[in-house]
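Below is one structure, written out as structure tokens; comments come after it.
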Amino acid sequence: MERDLPHAAFEIDYPKNWTSPFVFASPHSGREYNAAFLKGSVLDRQFIRSSEDAFVDQLFARAPAFGAALLRAKAPRAFVDFNRGPEELDAAVIKGVRPNAHNPRVAAGLGVIPRVVAHGRAIYRGKITRSEAEARIRDYWHPYHRALQALLDQVRRTQGHVVLIDCHSMPREALEAMSKSGPLPEIVIGDRFGASAAGEFVDALEAALIEQGFRVARNAPFAGAYIAQAYGRPARGQHAIQIEIDRALYMDEARIEPHAGFADIEARLSRVIAQLSGDAQLRSLAAE
């Protein structure tokens, strides 16, 4: 398999002035598919893109204008999943790996090297080699996470605390399938039930989203996955909050294209970023 250079994993948009205690990251919006990977898949480019959190990085693109860094994945989720641990290896798609029956994400085909995309569609005809899987983790997963931790460390040194906003999107049908009654949430905030971030920061994010007219839920149906769990260390001054946005708000999910509502959602989220980054009380909390 052809190997890209490590910088193919991500890009960082830096602010001119680091004035915000927030860092924004989009680990699942990568859309650079190399030819060797596409050739080895049974799916066409449109089907394989169904696992993307498409355009989420664009929704948060104005973060640097408000003093916050934005880390954007370039490598696609179907190739390597930055929101999984490097040990979450799937024996059903990687040769020479022992089965991991106790991990539901791996069992579902959604390990660090995914076996399926949306609707359980298999990515490969058979299995890939262990060395190929390890190369992806070495050349893509580890550089992404080194870059993320470096950003968090830099902000924490200057601001006192740092708050990671881990940005994702959710299919409308997933919401509908999990909803029992009442209106569906448009955005789900995940703080692992209070374990990954101090309540003051979660409350501020929720209030800002509600002020912009979004229906917001917490931790149901998404409480936060690997990144929130691994990076949420409130006692150390490092907080992590996952945010999931209903894709139907801003894109045509079948075509994987932004629709007419995209500009409005981007503008509303930009106002949320501006409010959080400019909140003197949050900055003072970060300095305590």
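Only the coordinates and a few stated rules stand behind these numbers; no lab work does. What you see is a predicted model; the values in this text were computed from it and never measured. Every residue, glycine as well, gets a Cβ built from its backbone with ideal geometry; the counts of neighbours run over all protein chains shown.
Show me, for the range 223-240, the HN-Hα J-couplings you get by feeding each phi into the Karplus relation (A = 6.51, B = -1.76, C = 1.60, θ = phi - 60°), rounded to Hz, glycine and proline as x.
9, x, 10, 4, 5, 4, 5, 6, 9, x, 10, x, 5, 9, x, 10, 10, 9
Counting only other residues whose beta carbon sits under 12 Å from that of D246, what net charge do I get with K and R as +1, D and E as -1?
-3
When the gyration tensor of the range 136-245 is built from Cα positions, what are the square roots of 5 times its three eigenvalues, in whole Å, from largest to smallest?
Whole-Å semi-axes of the equivalent ellipsoid: 26, 18, 11.
Size of the dipole of the chain about the Cα centre, Lys and Arg at +1 and Asp and Glu at -1 on the beta carbon, nothing else charged, in debye to 20?
Dipole about the Cα centre, nearest 20: 840 debye.
Summing -39500 (n - 2.57) over the DSSP H runs of n ≥ 4 in the chain and dividing by its residue number, what mean residue ellipticity at 222 nm do you reach, to the nearest 500 deg cm²/dmol?
When only DSSP H runs of four or more count, the value is -8500 deg cm²/dmol.
Antiparallel as a % of all DSSP beta bridges within the chain, to the nearest 5? Working shown, then result.
Numbers: 13 of 34 bridges.
Rounded to the nearest five, the antiparallel share is 40 percent.
Which is the longest run of the chain containing none of the trypsin sites (Lys or Arg not before Pro) found in DSSP loop states (not H, G, I, E, B) with at most 11 other C-beta atoms within 10 Å?
My reading of the result: 17-124 is the longest stretch.
Using unit Cβ charges (K, R positive; D, E negative) and no other charged atoms, how large, in debye to the nearest 20, is the dipole of the range 92-181 about its Cα centre?
Taking the Cα centre of the range 92-181 as origin, the dipole is about 320 debye.
Please go through the range 125-208 and write out the chymotrypsin sites (Phe, Trp or Tyr not before Pro) that DSSP classes as loop and that have at most 14 other C-beta atoms within 10 Å.
Within the range 125-208, the qualifying chymotrypsin sites (Phe, Trp or Tyr not before Pro) (loop, at most 14 other Cβ atoms within 10 Å) are F193.
Set Lys and Arg Cβ to +1 and Asp and Glu Cβ to -1, take the dipole of the chain about its Cα centre, and tell me which of S131, A197, L249 lies farthest positive.
S131
Can you work out ³J(HN,Hα) from phi for every residue in the range 29-34, in order, using Karplus 6.51 cos²θ - 1.76 cosθ + 1.60 and θ = phi - 60°, giving whole Hz and x for Gly and Pro?
Using θ = phi - 60°, the values come out as 9, x, 9, 9, 9, 7 Hz.
Among L152, A274, G182, flag the residue with its Cα farthest along the positive direction of the charge dipole of the chain, charges on Cβ as +1 for Lys/Arg and -1 for Asp/Glu.
Most positive-ward Cα: L152.
Quick query: amide H of M170 versus all other amide H atoms, modeled in the peptide plane; which residues come in under 5 Å with a sequence gap of 5 or more or a different chain?
I245, D246, R247
What residue among D13, D90, D53 shows peak mean-square fluctuation when the chain is described by a Gaussian network model with Cα springs under 10 Å?
Comparing D13, D90, D53 in the GNM, the peak value goes to D13.
Within the chain, how many Lys pairs sit with Cα atoms under 23 Å apart, leaving out pairs fewer than 8 places apart on the same chain?
5
For the chain, modelled as a Gaussian network with Cα springs under 10 Å, which listed residue fluctuates most, A108, A63, A78?
Highest fluctuation among the options: A108.
For M251, list long-range residues whose amide hydrogen, built 1.01 Å from N in the peptide plane, is under 5 Å from its own amide hydrogen.
Amide H neighbours of M251: H259.
Jot down the per residue volume, in cubic angstrom and as a whole number, of the convex hull over the alpha-carbon atoms of the chain.
Working: hull volume 36.1 nm³, N = 288.
Cα convex hull per residue, to the nearest whole number: 125 Å³.
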